[in-house]
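The values are calculated or read from the model by the stated rules, or taken from the named source; none is laboratory data. What you are looking at is a predicted structure, and each value in this text was computed from that prediction instead of being measured. Neighbour counts are summed over all protein chains in view; Cβ atoms, including those assigned to glycine, are modelled from backbone coordinates with ideal geometry. For the accessible areas, the whole protein counts, side chains as well, though only heavy atoms, and no ligand, DNA or RNA atoms are used. Shrake-Rupley method; radii C 1.70, N 1.55, O 1.52, S 1.80 Å.
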Amino acid sequence: MSAVMTLPTYEERVAGFDWALSEEELGVSREGRVNIGWHCSDRICDQGRAQAPALIWEDFAGAGRVYTFNDLRVLSNTIARFLQSLDVAPGERVCLFMDRIPELYIGFLGILKMGAIAQPLFSAFGEDSLWTRLENAGTTAIITQKKHVHKVRKIRDRLPALKHVIVVDAASATLQPGETAMALDALPRVERFAVYPSTGETPSVLHYTSGTTGQPKGAQHVHYSLVSQYLTAKWVLDLQPGDIYWCNADPGWVTGTSYGIIGPWSNGITQVVLDSGFNTERWYAFVAKHRVTVWYSAPTAIRLLMRDGTEMAKRHDLSSLRHLASVGEPLNAEAVIWSKEAFGLPFHDTFWQTETGCIVITNFPGMPIKPGSMGKPFPGIKATVLDPRTFEPVTTPGSVGLIALRPGWPSMVRSYWNNPGGYANKFRNGWYLCGDRASVDTDGYFWFVGRDDDVINTGGHLVGPFEIESALLEHPAVAESAAVAKPDPVNMEVVKAFVTLKPGYRGDADLELEIMNYVRKRLSPLAMPQEIEFVASLPKTRSGKIVRRVLRAKEWGEPVGDTSTLMDE
Ligand code: WT7
């Protein structure tokens, strides 16, 4: 109890806040040397934590392995040296395309240590999703597993920049020409490595994220992002010496890098990783076994836990848990109230994005939570909601506007790869627009309303309608298509596709299933429509643009709004 009572209040944390505080703790500056790979391993060893566990890893079958901070240091050196031996140069994009195995986490640090840019991609991506992102980034090397390399093989001849396909768990003899085996345990351990002399603005991580128009955009981050990620992990996730921290997110998405690698390790905190899908019993057993103290999860997972009831939670010893936080989609009030019943602790909502690189609006430990609200801006983050017509801050409490941030915090995205126009389009009147709507109450708490575009948020993962529609159009039966969000009790939203067929095709259940599988294989299970409705025509503007808004409104039972610009059917 006493620890909670001595926590600074929100006002105390905001008063006189300066990111310099974080710079001092880390010993970095914007102009000086900073390397995330070094900060997450070598520096922690220098601080006397070399033998402390950094990664406690477990796979779906329950097999496990523990890596100390010294292991992280030496093995990331080893991967860095290996990449150098292949002539991978600083600034080149190296893709990580793996399940949550140790090589993914250690490889991330190794890539950064030798000055290349880490491009993590979700291992469930199919060949089209993979190709789009590798092609856009001009990726020169990809590190993957035996079970995923077939997807790379299918597209390699269409990726002229891709020089190296590195497989971590295959013997050379089983690989095809032009592929390289990298068995980390068999490589000579590199004790000392000259870390690339990156400075604050040196590119570090490239994360692809979806928007309404066009293919996904590569959000390019820099090493200075550490300054935001370190402090937000410490204050919002409340990481303290002795903690056992668990972040459910996959490093294919930004939560899995900012708070599944950089945040905890730059703080010298032990983290546990479970390379396995969702299962309530298994998750509780994992928390109990490892005595997890801080848990960063997501609303979809919480809703699945809720479905199994408080009794299942009570059957496990979850008394080690001290702090719970959530991200990715709206955390409904019921979930906060339920978690208090089940765990004796509320989930703290945190709001941010791939582009923000760190938590920007949040509930701090010790701050009074209003269930259903995202909380308040992190110190050093100036957030507001703007009137959508004037792009001036809304002055009446409770009115809905566009969530906007004043640019300049350390982990803000620096550009979209190869897409300066898309980046410029995110700013109005000197504000960065998140693409979301919210209101702010009289106490300064933010309340999420919804996205301000057609992006579908399924289980906390953004999927762009354009990418789905492009895949649909490649199917021989499809003439036109529109992908929209449809409500779902667990994932909040799932993909629904409306499709018109080419002459000679019949829209029956078999075709629906075939098209669903087609999208799942080419893109990912997330992007697969859960329902396909065959229609005679799609609503369009007079200029012929498909209006997803009308289709979406029907799914949600909402008013369709102004249809005066639509073509008469
Ligand atoms: C979008 C960003 C950064 C975490 C993983 C997602 C939605 C995120 C919340 C929240 C309501 C949320 C927004 C945002 N979102 N957190 N606490 N409440 N919505 O990163 O893939 O870039 O998605 O996720 O729509 O813009 P991302």
Between Pro188, Pro251, Pro241, which is within 15 Å of the ligand (Cβ to nearest atom), part of a loop (DSSP other than H, G, I, E, B) and either over 30 Å from Ala482 (Cβ atoms) or not charged (D, E, K, R) (or both)? Pro251
Does Glu531 satisfy the criteria of being open to solvent by 60 Å² or more (accessible area, probe 1.4 Å), at pLDDT 95 or above and over 21 Å from Ser123 (Cα atoms)? no
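Are any residues in region 470-493 of a type outside the set (Ser, Thr, Tyr) and open to solvent by less than 10 Å² (accessible area, probe 1.4 Å), and if so, which ones?
Within region 470-493, Ala471, Leu472, His475, Ala477, Val478, Ala482, Ala483, Val484, Ala485 meet the criteria.
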Restricting attention to region 51-96, and to residues there that are hydroxyl-bearing (Ser, Thr, Tyr) and within 26 Å of Leu206 (Cβ to Cβ), which single residue is most open to solvent (accessible area, probe 1.4 Å)? Ser85
Candidate set: region 218-238, residues that are assigned to a strand (DSSP E or B) and of a type in the set (A, V, I, L, M); chosen: the one nearest to the ligand (Cβ to nearest atom): Ala219
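Among the listed residues Ser415, Ser411, identify the single one that is in contact with a Gly (Cβ under 6 Å, 6 or more places away or on another chain) and touching a residue at least 60 places away in the same chain (Cβ under 8 Å).
Selected residue: Ser411, the only one of Ser415, Ser411 that is in contact with a Gly (Cβ under 6 Å, 6 or more places away or on another chain) and touching a residue at least 60 places away in the same chain (Cβ under 8 Å).
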Restricting attention to region 428-445, report how many residues are more than 9 Å from the ligand (Cβ to nearest atom) and open to solvent by less than 30 Å² (accessible area, probe 1.4 Å). 6
For Gln215, work out the one condition from (1) crowded, with 24+ Cβ neighbours inside 10 Å; (2) within 16 Å of the ligand (Cβ to nearest atom); (3) not charged (D, E, K, R) it doesn't fulfil. (1)
Determine whether region 264-275 contains at least one residue that is more than 20 Å from Pro330 (Cβ to Cβ), surrounded by 24 or more Cβ atoms within 10 Å (Cβ to Cβ) and within 16 Å of the ligand (Cβ to nearest atom). yes
Just to be sure I understand the filter: pairs with C-beta atoms under 8 Å, separated by 6 or more residues or on different chains, first member in region 440-458 and of a type in the set (Ser, Thr, Tyr), second member within 12 Å of the ligand (Cβ to nearest atom) and part of a strand (DSSP E or B). Which pairs pass? Tyr445/Gly375; Thr458/Ala485; Thr458/Met492; Thr458/Glu493
Every pair of residues 6+ apart whose Cβ atoms lie under 7 Å, when the first sits in region 380-403 and is of a type in the set (Phe, Trp, Tyr) while the second is in a loop (DSSP other than H, G, I, E, B): Phe391/Asn429
Of the listed residues (Lys370, Lys314, Lys382), the one being in contact with a Phe, Trp or Tyr (Cβ under 6 Å, 6 or more places away or on another chain), more than 21 Å from Pro264 (Cβ to Cβ) and open to solvent by 40 Å² or more (accessible area, probe 1.4 Å) is Lys370
